[in-house]
Amino acid sequence: MLMIERVLGSRLEPAFHERIHRLEHSGGVDVVTVSTVDMPRRRLRLVSARGEDLAIALPRDQKLFDGAVLLLDEDRAIVVRAEVERWLSFQPRSIAEGVELGYHAGNLHWRIRFAGERLLVALEGPIEGYYARIDALPGVASIPRIVVTGEMAA
Amino acid sequence: MLERPQGQKSGRLASAARIGIGGPVGSGKTALIERLIPELQARDVDFAVVTNDLVTREDAERLRRSGLIDPERVSAVEAGACPHTVIREDPTLNMAAGDDLEVRFPGLELVIFESGGDNLASTFSLDLVDWWMFVIDVAGGDDIPRKKGPGVLKCDLLIVNKVDLAPHVGVDLPGMLEEAQRARGERPVVAINARSGEGVDTVADMICRAVLFRP
């Protein structure tokens with residue numbers, strides 16, 4: 001089990017970019033995929049794509065992020081890849097629909113964000129669970145919705 | 001066995017792990033902590049506790065009087081509002097309490113945050129804790145897992161307490177545990193009796209593995 005006690009920086013930083021690029025050519029870059037649920041944790045165990053068992057224990061002022069460099073030496077690097085986050089994007093057709101949707105989203109303690117006139121709900125579990133709640137709410141069940149990821153959620 | 005990257009010093013970690021214990025009123029959160037204390041001491045874990053109450057410091061005083069732990073290692077947070085507000089929406093009071101314990105006890109490995117009793121929608125912010133448990137109890141009704149509250153679904157470990165009461169309250173315990181496991185998929189469920197200590201060693205082992213990286 002390899003202990004990781006800090007994030008060294010971002011793979012995009014000039015100090016790391018060139019070295020990691022070189023290691024990529026020699027096959028020295030290992031990736032650890034972190035789910036959206038696990039991303040805020042400072043202590044967790046994960047297994048990298050190449051089977052390295054990682055024990056991550058970050059200081060409380062650090063967090064994981066996409067591209068975080070966890071290890072970098074002469075022969076290898078370990079870099080975080082964030083799992084793509086999925087959102088349920090609602091497009092209310094009236095102020096009344098928007099207000100009702102916002103009210104229930106708050107009551108259900110869903111993590112949300114806004115994009116123009118859309119309200120996006122982070123899918124932190126099986127989508128069936130979200131549909132089960134929505135379909136039980138008259139006034140919300142009929143609001144147009146689609147699942148979006150990445151830049152579409154911006 | 002733990003190894004560190006080249007050039008990094010060995011020794012204890014820079015900051016303590018933080019875990020949460022949530023659950024409804026009366027489900028046995030404080031009783032679980034009272035049983036966890038000797039289990040963690042037996043595993044040589046250096047730890048402290050932060051309790052949360054609505055408008056009193058009742059749980060902290062109970063632990064301080066227990067004789068199980070140095071009273072200085074127990075801090076209290078008064079939520080003053082719904083308990084989930086200070087473990088999820090704005091956990092800064094608890095974060096400050098954890099920071100204070102880490103300053104006062106250098107080398108601390110683990111801080112346990114006990115939420116005030118709340119409802120099935122209660123969850124912890126991962127800004128506050130690294131891993132958290134949700135405690136329900138048999139006497140609260142065997143339909144709790146079927147209700148699929150966020151606390152039951154999202155916690156890292158679901159604990160079903162007071163298993164000894166099942167025959168007295170007409171609860172089918174194997175059925176309740178089966179439904180809890182079905183609701184949570186592959187995530188763990190542990191049955192305990194915090195009064196007798198049954199099952200609490202399993203909980204202590206899971207804490208040690210999850211956030212202290214013990215074998």
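Laboratory data are not the source of any read-out in this text; all were calculated from the coordinates shown. Since the model is a prediction, treat every value here as computed from it, not as a measurement. FYI the Cβ positions are ideal-geometry reconstructions off the backbone, even for glycines, and counts take in every protein chain you see.
Rounded, prolate or oblate for chain B? Axes are the square roots of the Cα gyration tensor eigenvalues, ordered a ≥ b ≥ c, and the cut-off for rounded is a/c under 1.5.
Here chain B falls in the prolate category.
What is the Cα radius of gyration of region A:2-82 over 2.2 N^0.38 Å, N being its residue count?
Expressed relative to 2.2 N^0.38 Å, the Cα Rg reads 1.01.
How many nm is it between the label spots at B:Asn119 and A:Ala82, if each spot is 7 Å from the Cα in line with the beta carbon?
Distance between the two pseudo-spin positions: 3.2 nm.
At a Förster radius of 56 Å, what calculated FRET efficiency corresponds to the Cβ-Cβ distance of A:Ala49 and B:Glu58, to the nearest 0.05?
Working: r = 49 Å, r/R0 = 0.87.
Working from the Cβ atoms, E equals 0.70.
Which residues does the label zone of A:His25 cover in region A:46-82, counting backbone N under 18 Å from a point 7 Å along Cα→Cβ?
A:73-77
Amide H of B:Ile21 versus every other amide H placed in the peptide plane: which residues, excluding those fewer than 5 positions away on the same chain, fall under 5 Å?
B:Phe113, B:Glu114, B:Ser115, B:Met133
If you count, for every residue in A:39-47, the Cβ atoms of partner chains within 10 Å of its Cβ, what is the mean?
Partner Cβ neighbours, averaged per residue: 5.
Scattering from the C-alpha atoms of region A:27-72 alone, worked out with Debye: what is log10 I(q)/I(0) at q = 0.19, 0.24, 0.30 1/Å?
-0.59, -0.95, -1.42
Compute the longest continuous run of chain A that contains no exposed GluC sites (Glu not before Pro); treat a site as exposed when its DSSP state is not H, G, I, E or B and it has at most 14 other Cβ atoms within 10 Å. Don't skip to the answer; put the middle values down first.
Details: sites that count: A:Glu74, A:Glu83, A:Glu117.
For GluC sites (Glu not before Pro) (loop position, at most 14 other Cβ atoms within 10 Å), the longest site-free span of chain A is A:1-73.
Average the reciprocal distances over every distinct pair of alpha-carbons in chain A, invert the result, and give the Kirkwood radius in Å.
Roughly 17.8 Å, rounded to one decimal.
Distance between the C-alpha centers of region B:16-85 and region A:35-102? Whole Å please.
30
How would you classify region A:86-153 from its alpha-carbon gyration tensor, with a ≥ b ≥ c the square roots of the eigenvalues: rounded for a/c under 1.5, else prolate if a/b is greater than b/c, otherwise oblate?
Oblate is the answer for region A:86-153, as a/c is 1.5 or above yet b/c matches or exceeds a/b.
List the GluC sites (Glu not before Pro) in region B:45-123 that DSSP assigns to loop (not H, G, I, E or B) and whose Cβ has at most 16 other Cβ atoms within 10 Å. Which are they?
B:Glu89
Output ³J(HN,Hα) for region B:208-215: one whole-Hz value per residue in order, computed from phi by the Karplus curve 6.51 cos²θ - 1.76 cosθ + 1.60 with θ = phi - 60°, and x for Gly and Pro.
With the stated coefficients, region B:208-215 comes to 4, 6, 6, 10, 10, 6, 7, x Hz.
Shielding of B:123-131 by partners, i.e. mean partner chain Cβ atoms within 10 Å per residue? Kindly include the intermediate steps, with their values, before the conclusion.
On the way: counts 1, 0, 1, 9, 5, 2, 3, 9, 3.
Other-chain Cβ atoms within 10 Å of each residue's Cβ, averaged: 4.
I want to make sure I understand the PRE zone here: with the label point 7 angstrom from the Cα of B:Glu78 toward its beta carbon, which residues in region B:25-53 have backbone N atoms less than 15 Å away?
Within reach of a label on B:Glu78, which here means backbone N under 15 Å from a point 7 Å along Cα→Cβ, region B:25-53 contributes B:51-53.
If you filter region A:79-154 for trypsin sites (Lys or Arg not before Pro), then keep DSSP loop positions with at most 16 other Cβ within 10 Å, what is left?
Of the trypsin sites (Lys or Arg not before Pro), the ones in loops of region A:79-154 whose Cβ has at most 16 other Cβ atoms within 10 Å are A:Arg93, A:Arg111.
Between A:Ala115 and residues 5 or more places away or on another chain, which pairs have amide H atoms under 5 Å apart, with H built 1.01 Å from N, and which residues are they?
Placed amide hydrogens put A:Leu120 under 5 Å from A:Ala115.
How many percent of Cα pairs in the protein assembly as shown exceed 26 Å?
It works out to 57 percent of all Cα pairs.
Once Rh is set to the Kirkwood radius over Cα pairs, what Stokes-Einstein translational diffusion coefficient, in µm²/s, holds for region B:45-172 at a temperature of 10 °C and a viscosity of 1.306 mPa s?
101
Could you work out how far apart the two model spin labels at B:Glu198 and B:Glu178 are, taking each label as a point 7 Å from the Cα in the direction of the beta carbon, and quote it in nm?
Going by the 7 Å Cα→Cβ label model, 1.9 nm.
Please compute the average number of Cβ atoms from other chains found within 10 Å of each residue's Cβ in peptide A:108-116.
1
Residue by residue through region B:161-178, what is 3J(HN,Hα) from phi via Karplus (6.51 cos²θ - 1.76 cosθ + 1.60, θ = phi - 60°)? Round to whole Hz and write x for glycine and proline.
9, 6, 5, 5, 7, 3, x, 8, 10, x, 9, 7, 4, x, x, 5, 5, 5
Where in chain B is the longest stretch that carries no trypsin sites (Lys or Arg not before Pro) classed as loop by DSSP and with at most 11 other Cβ atoms within 10 Å?
That would be B:13-215.
Could you tell me which trypsin sites (Lys or Arg not before Pro) in region A:14-52 are loop residues by DSSP with no more than 14 other beta carbons within 10 angstrom of their beta carbon?
Loop-located and lightly packed - A:Arg50.
Can you tell me the FRET efficiency between A:Thr33 and A:Ile127 if r is taken as the Cβ-Cβ distance and R0 is 25 Å, rounded to the nearest 0.05?
0.80
Antiparallel versus total DSSP beta bridges in the protein assembly as shown: what percent is that, nearest 5?
40
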